[in-house]
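Report on the structure given below.
What follows is calculated from the coordinates using simple rules that are stated; it is not laboratory data. Owing to the predicted nature of the structure, the values given are computational and were not obtained by experimental measurement. Note: ideal-geometry Cβ built from the backbone for every residue, glycine included; neighbour counts use all protein chains shown.
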Amino acid sequence: MKPLEDYLIVDFSQFLSGPSASLRLADLGARVIKIEKPGTGDICRTLYTSDLIMNGESSIFHTINRNKESFAADFKNAEDLKIIKKLLAKADVVMHNFRPDVMKRIGLSYDDVKAINPKVIYAEISGYGNHPDLKDKPGQDLLLQSMTALTWLTGNQNDGPVAMGLSIVDMLAGAHLAQGILAALYRKTVNDAGALVQVSMLESAIDFQFETITTFFNDGGELPVRTKSNNAHAYLGAPYGIYKTNNGFLALAMGSIPVLAQLLKCDALLQFSENKFGLRDKIKKVLATHLKTQNTDYWLAILEPADIWCAKVLNYQELFEEEGFKVLDFVQKVTMGDGYSYETTRCPIKIDGELFISEKGSPKLGEHNKKILKELM
């Protein structure tokens, strides 16, 4: 039995942040009913990140909405709203990621839903919380990365701001919402009380940087400085970074420079008897030049037996050929209600050694209306 079986989650969210939270809860056994607008549904159905079309819709939607049901309903239709409220009366969790006041205008705010279902856990993600000057701004990942200084940690010193190549703030906010929901569900079993769980993308992006922000606060307000080359962490010294080799790339984490000098037979490194933070640009320049002289596997054969923290830098094709990936059994095939199948990743969580997988793919818009209406009648 999966840990969240018998819990019902009614999910109004769309795009990435909210659906990523309900995906994780669905993986853990919860029944997730996705409420979508008739005709168009979740905007993510047509949010394409490439030319790939899977069964008529975007790969993002299929990835993040597998293992869910879809119920199409129009908030502006009185009969549809009445049906939605019947569904909410049965829900353990209600969640959304609309801008503040949207659910209030519909008549489905926390207070409204609590009047229907006093012990409900009501969970919401916003871009900026209820701050009057920010709440109406678009809560979009790139904008949040930019507004929270996250873009000054990636790339090299002279690159200017560099965004991360994933919708990281969306995923963080979704993870935080799932954590809050799980905590509220636990409290509900103990105290028999509902809860309002709130997460903002702004706070999630700031929390993500707790390490660097704490350093900033206690280091005289000095801004983080990326190295001129091979940067991988603005607050760590050499050799920390990624280096080009003769045939690929090599990642080096923390390590003693004198030890590296001996192992790599790099006489130019011997001038750095101490790994001082201020020397990291010079050290990295020497390392970058030296590591280009041999193939990646040549260096790994020297460094790994000496317990130096290093790794080959892989792309997707190389990753999926690695035996270390294959033994994870991380790919699952899921099938939609119309028979369309696709491969995707599974839940990364294991409990008592159990892998949480499901063969159920993403739903077609309104696919489960008849089933859900029959249950409500």
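A protection proxy built from the mean count of other Cβ atoms within 10 Å ranks the segments 92-101, 277-286, 189-198, most packed first, as 92-101, 277-286, 189-198.
Taking 20 Å as the straight-line reach from the Cα of residue 228, the aspartates and glutamates in range (excluding those fewer than 8 positions away in the same chain) are 159, 274, 281. Here's how it looks for residue 367: its modeled amide H is under 5 Å from those of 70, which are all 5 or more places away or on a different chain.
Once you list every other residue whose beta carbon is under 14 Å from the beta carbon of residue 26, what net charge do they have if Lys and Arg are +1 and Asp and Glu are -1? It works out to a net charge of +1. The trypsin sites (Lys or Arg not before Pro) of the range 5-106 that DSSP puts in a loop, and whose beta carbon has at most 11 other beta carbons within 10 Å, are 76. Put simply, the convex hull of the Cα atoms in the chain casts, on average, a shadow of 22.8 nm². Amide H to amide H distances under 5 Å link residue 14 with 97, where only residues 5 or more positions off or on other chains count and H is placed in the peptide plane. Backbone phi angles across the range 270-283, fed through the Karplus curve with coefficients 6.51, -1.76 and 1.60 (θ = phi - 60°), yield HN-Hα couplings of 5, 5, 9, 6, 10, 8, 6, 4, x, 9, 4, 5, 5, 5 Hz in residue order; Gly and Pro are listed as x.
For a modelled paramagnetic label at residue 229, 7 Å from Cα along Cα-to-Cβ, the residues of the range 275-309 in reach, with backbone nitrogen under 12 Å, are 281-293.
Contact order, relative form, for the chain: 17 percent (alpha carbon pairs under 8 Å, 6 or more residues apart, mean separation divided by residue count). Between the beta carbons of residue 47 and residue 306, assuming R0 = 51 Å, the FRET efficiency works out to 0.60 to the nearest 0.05. Annotation: amide H of residue 36 within the under-5 Å range of 71, 72, 73, sequence separation 5 or more or interchain, hydrogens built in the peptide plane.
About its Cα centre, the dipole of the chain is roughly 480 debye, where the only charges are +1 on Lys and Arg Cβ and -1 on Asp and Glu Cβ.
Considering only beta bridges that DSSP places wholly inside the chain, some 40 percent are antiparallel.
Across the alpha-carbon set of the range 278-353, the Rg to Rh ratio works out to 1.19, Rh being the Kirkwood radius. Ranking 132, 313, 177 by Cα position along the charge dipole of the chain, where only Lys, Arg, Asp and Glu carry charges on their C-beta atoms, puts 132 farthest toward the positive end.
With a cut-off of 12 Å on the backbone N, no residue of the range 206-227 is near the modelled label site 7 Å out from residue 137 along Cα-Cβ. In the structure displayed, which of 86/371; 326/350; 90/370; 37/370; 244/282; 312/350 lie more than 21 Å apart, Cα to Cα? The answer is 312/350.
Karplus-derived 3J(HN,Hα) values for the range 119-132, using 6.51 cos²θ - 1.76 cosθ + 1.60 with θ = phi - 60°, are 9, 5, 9, 10, 10, 9, 10, 10, x, 9, x, 9, 4, x Hz; glycine and proline are entered as x. Note on the range 34-158: Cα-only Rg and Dmax are 17.7, 58 Å. Placing a label point 7 Å from the Cα of residue 8 along the Cα-to-Cβ line, the residues of the range 29-67 whose backbone N sits under 20 Å from it are 29-37, 67.
Applying 1/(1 + (r/R0)^6) with r as the Cβ-Cβ distance of residue 192 and residue 350 and R0 = 41 angstrom yields a FRET efficiency of 0.85.
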